[in-house]
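Heads up, the thing below is written out as structure tokens.
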Amino acid sequence: MAEFIKGEYYYGMGRRKTAVARVRLFPNGDGTIIVNGKSVDSYFGTRDTHMATIASPLRVLDLGNSYTMTVRVVGGGTTGQAGAIRHALARALVRMNPESKPALRKAGFLTRDPRMKERKKPGLKRARKAPQYTKR
């Protein structure tokens, strides 16, 4: 890796459902994660599953707390936002170190999850729920 000037970072953008996350990964950091100007604990609250989702690319590569991360995330709910942050972080890690791509690809962090909410259809109550059938 090259020498870094203060302020240099690696960028990654990720999506999940309707959430879009933009991650800036600063090397030689202390492991702090700032999401939309708040600490990750105050943004996601006590949801340990979201914290585990976000940190999973760092855990796969055994990087620990060697990076500082700032995140801008918009749209979706908390689960979609956590997935988008994970996707963006994995992309930033690949941009930083291309040799980590096979490990992240094998773990499934570089693939954008295509699942979206199904749209409501005309004549139905929801996407698939039909009105109750009456014989007479």
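Can you find a residue that is in a helix (DSSP H, G or I) and of a type in the set (D, E, K, R) anywhere in region 112-135? No.
Against the conditions (1) within 11 Å of GLY14 (Cβ to Cβ); (2) not in a helix (DSSP H, G or I), GLY64 satisfies every one except (1).
Do we find a residue being at pLDDT below 90 and either in a strand (DSSP E or B) or of a type outside the set (Phe, Trp, Tyr) (or both) anywhere in region 47-54? Yes, some residue in region 47-54 is at pLDDT below 90 and either in a strand (DSSP E or B) or of a type outside the set (Phe, Trp, Tyr) (or both). There is at least one residue in region 79-102 that is among the polar types (S, T, N, Q), at pLDDT 95 or above and not in a loop (DSSP other than H, G, I, E, B). Residues that are part of a loop (DSSP other than H, G, I, E, B) and of a type in the set (S, T, N, Q) were ranked within region 23-44; the one that is farthest from GLY64 (Cα to Cα) is ASN36. Residues being surrounded by 11 or more Cβ atoms within 10 Å (Cβ to Cβ) and touching a Gly at 6+ places or on another chain (Cβ under 9 Å) are entirely absent from region 117-129.
Residues in region 53-62: is at least one under 16 Å from ALA19 (Cα atoms) and surrounded by 12 or more Cβ atoms within 10 Å (Cβ to Cβ)? Within region 53-62, one or more residues are under 16 Å from ALA19 (Cα atoms) and surrounded by 12 or more Cβ atoms within 10 Å (Cβ to Cβ). In region 1-60, the residue that is nearest to LYS101 (Cα to Cα) out of those that are of a type in the set (S, T, N, Q) and over 13 Å from the mean Cα position of the chain (by Cα) is ASN28. Is it true that some residue in region 100-116 is under 22 Å from GLU8 (Cα atoms) and surrounded by 14 or more Cβ atoms within 10 Å (Cβ to Cβ)? Looking through region 100-116, at least one residue is under 22 Å from GLU8 (Cα atoms) and surrounded by 14 or more Cβ atoms within 10 Å (Cβ to Cβ).
The residues of region 25-37 that are surrounded by 11 or more Cβ atoms within 10 Å (Cβ to Cβ) and either of a type in the set (S, T, N, Q) or modelled with pLDDT of 90 or more (or both), listed by number, are LEU25, PHE26, THR32, ILE33, ILE34, VAL35, ASN36. Going through region 67-78 one residue at a time, which ones are surrounded by 14 or more Cβ atoms within 10 Å (Cβ to Cβ) and either assigned to a helix (DSSP H, G or I) or not charged (D, E, K, R) (or both)? Those that are surrounded by 14 or more Cβ atoms within 10 Å (Cβ to Cβ) and either assigned to a helix (DSSP H, G or I) or not charged (D, E, K, R) (or both): TYR67, THR68, MET69, THR70, VAL71, VAL73, GLY75, GLY76, THR78. Within region 85-99, does at least one residue satisfy the condition of being surrounded by fewer than 17 Cβ atoms within 10 Å (Cβ to Cβ) and within 10 Å of the chain's Cα centre (by Cα)? No, region 85-99 contains no residue that is surrounded by fewer than 17 Cβ atoms within 10 Å (Cβ to Cβ) and within 10 Å of the chain's Cα centre (by Cα).
The values are calculated or read from the model by the stated rules, or taken from the named source; none is laboratory data. Small disclaimer: the values here were computed from a predicted structure and weren't measured. Using ideal geometry, Cβ is built from the backbone for each residue, glycine included, and neighbour counts are taken over all protein chains shown.
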